[in-house]
Amino acid sequence: MSKFQFPESIKSRPVYGTLKARPGKYHLMIADAEGAEAILHLHEQDAGLMAKAHIIYIPKGSNLGERLRAIRPAQYYEGPTYEAAASRIERVLEATHMGTQIYLTGTEGLMGQAMRACMNAGIPHTAIQTEHRGSVARRMQCVHCKGITEDVETDPFECSHCGLNLFVRDHYSRRLAAFQGVCIDAEDPGNVPEKVELYK
Amino acid sequence: MTIQFNKETFRDDYSFKNSDWAIQRFPFPFHEDSYMYSVNMEQHRGGPAGSVYEKRFDVDEHYISEMEDRAMVLADDPLRCQSLPHMTLAGWDLLELIMVSKSEDYPDLFELHREGDIWRWINKPMGIDDTFTFLDETTLPYGPMEYITRQTQGDFCVLDQRDDNLWMDAGMVTTQADWSLDFDIGMNFFEWHAPVPLAHEKGIFKRALKFLLNIQQGAPARRLNWTMTVNPLLDTSPENYHKWGIQKTTLTPENIGAKQHLRVELQSFFRLPRSNALVFPIRCYLIAFQDIVKSPKWGRRLHRVIRDLPEELATYKGFIDNRPMMLDFLSKYDDGLPTSPGVFPDNETEPALQK
Ligand code: HEM
C-alpha cells in the first residue's frame with residue numbers, strides 16, 4: 001500500500017518515518033488498523049525479531065490480526081480500542097529496560113497516545129520509531145470544552161462533546177496527543193463551510 | 001507618586017479607561033514607521049522616570065481591577081493556571097523575585113519582612129497581610145506561583161531549561177493574545193511558537209532562544225509585542241473565542257475610535273536562582289485608538305505601520321477584516337509629515353496635526 005505524504009507543516013506537528021528493524025533485546029510494537037502492514041514489513045526485514053517481540057494491536061475493523069499472529073511474536077495482544085489497551089501499555093512500558101526498541105505504527109491518534117505513554121514512562125526518544133499507515137484521521141481536542149474527538153476525517157467537524165463546529169488546526173500538543181480544534185463560525189454564527197475531507 | 005486605582009471592568013460594560021497619565025506612559029511599540037518581526041530584545045534595567053520600563057514589575061492604575069478580572073477568569077476556568085510537578089521550586093523563586101522587587105520598588109504599597117524562613121508579606125492595595133514559611137506550600141492558600149501572580153499584573157510563563165531548550169512547564173495565563181496555556185503546557189520554545197508566520201523562516205526563533213538560554217541572574221531582558229483587540233477585553237483566550245470573536249464584527253466608523261484598542265505586551269525575562277528556570281512575564285497594556293491619536297507622532301506612525309503591515313501578520317493577529325476600517329480612521333491623523341525616531345510621543349517637539 002502506498003504511504004500518505006503529509007504536506008509540510010508547522011513545527012509542533014509530528015513527523016513520521018519508516019520502521020526499520022534494529023538490534024535490541026526486546027521489541028515492543030504497538031499498532032492499529034493498517035499499521036499491521038508495517039509490522040509485517042519489519043518481519044520481512046528480520047524474521048528473527050519476532051522471537052523477542054511483543055505486539056499490541058488494535059484492529060479497528062481491519063482483519064490483519066490473523067496475519068500478525070501468524071508471524072508468531074513472543075507475545076501478542078489484541079484490544080478493541082486504544083483506551084482499553086492503555087493500562088496494559090503503561091504496565092508494559094513500566095517494565096521495559098535498556099535495549100528495548102519501540103515501534104509505533106498506524107493512525108496518528110494511536111502513535112500520539114502511545115508516544116505520550118512512552119514519554120511518561122521516561123523512554124528515550126532515540127529508542128522509538130514511528131510510521132504512519134492507513135487513515136489520515138486526527139485526534140482533536142476542542143479548545144473550548146476540552147473534549148477529545150477521535151478519528152476526525154473532515155474539516156470542519158462537530159465536537160463530539162459540546163457540538164460546536166470546529167476547524168482543524170495543525171497545532172499539536174504531545175502532552176494531550178491531540179491537534180487543536182477551534183470554533184469556525186465565532187465571527188459569523190451559523191456560517192459553517194461545507195465539510196471537506198482532510199487534505200482534499 | 002501615589003497611584004489612584006481605577007474601579008473598572010474588562011468585560012460586559014467595559015468601563016476600562018486610561019487616564020492622561022496612563023496614555024502618556026503607554027508603551028507604544030513602534031520605533032519607526034514600519035514593523036516586521038525581529039529579535040527585538042534589550043536589557044531590562046529601568047527606563048525614563050515614570051515610564052512602564054522604570055520598575056521591574058510595573059504597577060499602574062489598573063492593578064486592582066485587573067486582579068479582580070483574573071480572579072473571575074480563574075473561577076470560571078482553573079486550567080488557566082497550571083504548574084507541572086517539577087516546577088514548584090521555580091514558583092517559590094518567582095514569589096521571591098516579585099516580593100523583593102515590589103517591596104523595594106514600591107515601598108509605600110508593598111512590604112516584605114523576612115526573619116529566616118518566616119516571611120510576612122503586606123500588599124496594601126489588595127488588603128493582604130500574610131505570614132508564611134518560605135518553601136513550605138502548606139502555609140500559603142495557593143501554590144507559590146498562583147499566590148503571587150494573583151497579585152501581580154500580567155501573565156506569567158515559567159520555563160524549565162533543559163536539553164538546550166525552554167519548556168513551558170508552568171504558567172498563569174488569563175490576559176493572553178489568543179493562545180492556550182492548557183494546550184501549550186509542556187511544549188518547547190519552537191513548538192509553542194509553531195503557529196507564528198514568517199519568523200521561523202527568518203531564523204528569529206533560533207537566535208532568540210540562544211539569547212534566552214544565556215540570560216543570567218540579575219540581568220533581565222525585555223521586548224515588546226503587540227496586536228489588536230476590539231473592546232478592552234483582557235481575556236482574549238481561545239477557550240472563550242466562541243464567545244468574544246463576534247465582538248470583532250461590532251466595529252463601525254462611528255465607534256472605532258473608542259472600541260478598537262492597540263494591545264501591547266511588555267515581555268520580560270528573568271533567570272531564577274534556585275531552579276535555574278526562566279520566568280517570562282507578559283504584561284498587557286490596552287489603549288483606545290482615540291487616545292493614541294492624541295499624540296500626533298503616534299497617530300501618523302500607527303497609520304503607516306498598519307497600512308504597510310504584511311498580510312500574513314495582519315491575518316495572524318486577527319484584524320485583516322477590520323484593517324480597511326482602521327485605515328479609514330487612522331488616515332485622518334496622518335498628514336504625511338516625518339516622525340522622530342524612537343517610541344516616545346515627543347509631544348513637546350513634534351508638530352501638531354496639519355489637517
Ligand atoms: C521564553 C519566553 C517566550 C514565551 C513563553 C513566548 C510565548 C509565545 C506564545 C505562546 C505565542 C503565541 C503563539 C500562538 O499563536 O499560539 C508567541 C508569539 C510570538 N512570539 Fe513568543 N514567547 C517567548 C519569547 C519570545 C522571544 C524572545 C521572541 C523574540 C523574537 C518571541 C517572538 C514571538 C513572536 C514574533 C510572536 C508572534 C506575535 C504576534 O505577531 O502577535 N517570543 N510567543
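The values are calculated or read from the model by the stated rules, or taken from the named source; none is laboratory data. This one's a predicted model, so the numbers in the text were calculated from it and none came from an experiment. Cβ atoms come from the backbone with ideal geometry, glycine included; neighbour counts cover every protein chain shown. To get the accessible areas, we keep the full protein, side chains included, count just its heavy atoms, and leave off ligands, DNA and RNA. Shrake-Rupley method; radii C 1.70, N 1.55, O 1.52, S 1.80 Å.
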Within region A:100-130, residues part of a loop (DSSP other than H, G, I, E, B) and either open to solvent by less than 30 Å² (accessible area, probe 1.4 Å) or under 21 Å from A:Ala178 (Cβ atoms) (or both) come out as A:Thr107, A:Ala121, A:Ile123
In the list A:Cys162, A:Cys183, which residue meets the criterion of being in contact with a Leu (Cβ under 6 Å, 6 or more places away or on another chain), outside the structural domain of A:Gln113 (by TED's automatic domain parsing), at pLDDT 95 or above and over 30 Å from A:Gly122 (Cα atoms)?
A:Cys183
Which residue pairs have Cβ atoms under 8 Å apart, sit 6 or more places apart or on different chains, and have a first residue in region B:172-191 that is facing chain A (nearest Cβ under 9 Å) and within 16 Å of A:Leu176 (Cβ to Cβ) and a second that is more than 8 Å from the ligand (Cβ to nearest atom) and assigned to a helix (DSSP H, G or I)?
B:Asp182/B:Leu79; B:Asp182/B:Arg80; B:Asp184/B:Glu191
Among what's in region B:141-162 and is of a type in the set (Asp, Glu) and over 15 Å from B:Met187 (Cα atoms), pick the residue that is most open to solvent (accessible area, probe 1.4 Å).
B:Glu146
Does B:Thr138 count as more than 14 Å from chain A (Cβ to nearest Cβ) and touching a helix residue (DSSP H, G or I) at 6+ places or on another chain (Cβ under 6 Å)?
no
Output the qualifying pairs, or none if there are none: Cβ atoms under 8 angstrom, residues six or more apart or on different chains, first residue in region B:243-267 and small (Gly, Ala, Ser), second residue part of a loop (DSSP other than H, G, I, E, B).
B:Gly245/A:Ala186; B:Gly245/A:Glu187; B:Gly257/B:Val293
Test of understanding: among B:Glu96, B:Glu68, B:Glu32, B:Glu54, which residue is assigned to a helix (DSSP H, G or I) and surrounded by fewer than 17 Cβ atoms within 10 Å (Cβ to Cβ)?
B:Glu68
So B:Trp244, is it within 14 Å of another protein chain (Cβ to nearest Cβ), away from the ligand (no atom under 16 Å from the Cβ) and under 23 Å from the mean Cα position of the chain (by Cα)
yes
Check region A:49-67 and report whether any residue there is surrounded by 13 or more Cβ atoms within 10 Å (Cβ to Cβ), among the hydroxyl-bearing types (Ser, Thr, Tyr) and over 17 Å from A:Ser135 (Cα atoms).
no
Those residues of region B:252-266 which are open to solvent by 10 Å² or more (accessible area, probe 1.4 Å) and more than 11 Å from the ligand (Cβ to nearest atom), in sequence order:
B:Thr252, B:Pro253, B:Glu254, B:Asn255, B:Ala258, B:Lys259, B:Leu266
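Going by what's in this entry, would A:Gln141 be described as surrounded by 22 or more Cβ atoms within 10 Å (Cβ to Cβ), touching a Leu at 6+ places or on another chain (Cβ under 9 Å), in contact (Cβ under 8 Å) with a residue 40 or more places away in the chain and within 14 Å of another protein chain (Cβ to nearest Cβ)? First the steps, then the outcome.
Working: surrounded by 22 or more Cβ atoms within 10 Å (Cβ to Cβ): yes; touching a Leu at 6+ places or on another chain (Cβ under 9 Å): yes; in contact (Cβ under 8 Å) with a residue 40 or more places away in the chain: yes; within 14 Å of another protein chain (Cβ to nearest Cβ): yes.
Yes: the conditions hold for A:Gln141.
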With the checklist (1) within 14 Å of chain B (Cβ to nearest Cβ); (2) under 24 Å from A:Glu83 (Cβ atoms) in hand, flag the one item A:Ser9 doesn't pass.
(2)
What's the number of the condition A:His97 fails, among (1) touching a Leu at 6+ places or on another chain (Cβ under 6 Å); (2) open to solvent by 20 Å² or more (accessible area, probe 1.4 Å); (3) within 23 Å of A:Met50 (Cβ to Cβ)?
(1)
Condition set open to solvent by 10 Å² or more (accessible area, probe 1.4 Å) and of a type in the set (A, V, I, L, M), scope region B:163-199, selection farthest from the chain's Cα centre (by Cα): answer is B:Leu198
So, B:Arg307, is that one charged (D, E, K, R), assigned to a helix (DSSP H, G or I) and either modelled with pLDDT of 95 or more or over 14 Å from B:Val264 (Cβ atoms) (or both) or not?
yes
Out of B:Phe319, B:Phe269, B:Phe280, which single residue is in contact with a strand residue (DSSP E or B) (Cβ under 8 Å, 6 or more places away or on another chain), in a loop (DSSP other than H, G, I, E, B) and within 15 Å of the ligand (Cβ to nearest atom)?
B:Phe319
